[in-house]
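Here the structure comes first, spelled out in structure tokens, and everything after it is commentary.
The values are calculated or read from the model by the stated rules, or taken from the named source; none is laboratory data. Keep in mind that this is a model prediction, so the values were computed, not measured. Because the Cβ atoms are built from the backbone with ideal geometry, glycine has one as well, and the counts that use them run over all protein chains shown. These accessible areas exclude ligands, DNA and RNA; they are computed on the full protein's heavy atoms, side chains included. Shrake-Rupley method; radii C 1.70, N 1.55, O 1.52, S 1.80 Å.
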Amino acid sequence: MDVRTRLDRNVRRLREAKGWSQEAFAHEADIHRTYVSDIERGARNPTIMSVEKLAQPLGVTADELLK
């Protein structure tokens with residue numbers, strides 16, 4: 001499994017575990033909802049700064065999102 005697929009799956013799994021919609025998660029991460037959707041579908045190659053923004057509200061490190 002490539003790193004982007006791992007990121008996609010981990011973001012979705014952790015977001016759903018918190019009971020957040022994509023919109024609620026996007027608000028928590030201070031990013032646009034469509035960007036969350038694109039990441040979860042593997043349609044984006046987020047920067048490391050974006051990965052950090054995704055990780056913070058999920059309570060994990062950027063490294064953990066990529067494992």
When you scan the range 32-49, how many residues do you find that are crowded, with 17+ Cβ neighbours inside 10 Å and either in contact with a Ser or Thr (Cβ under 6 Å, 6 or more places away or on another chain) or not basic (Lys, Arg) (or both)? 5
Confirm whether residue 21 is surrounded by 12 or more Cβ atoms within 10 Å (Cβ to Cβ), among the polar types (S, T, N, Q), at pLDDT 95 or above and within 11 Å of the chain's Cα centre (by Cα). no
Number of positions in the range 1-14 that are assigned to a helix (DSSP H, G or I) and either open to solvent by 20 Å² or more (accessible area, probe 1.4 Å) or free of Cβ contacts under 8 Å to residues at least 40 places away in the same chain (or both): 9
Any chance you could count how many residues in the range 22-67 are outside any helix (DSSP H, G or I) and farther than 16 Å from residue 2 by Cβ? 7
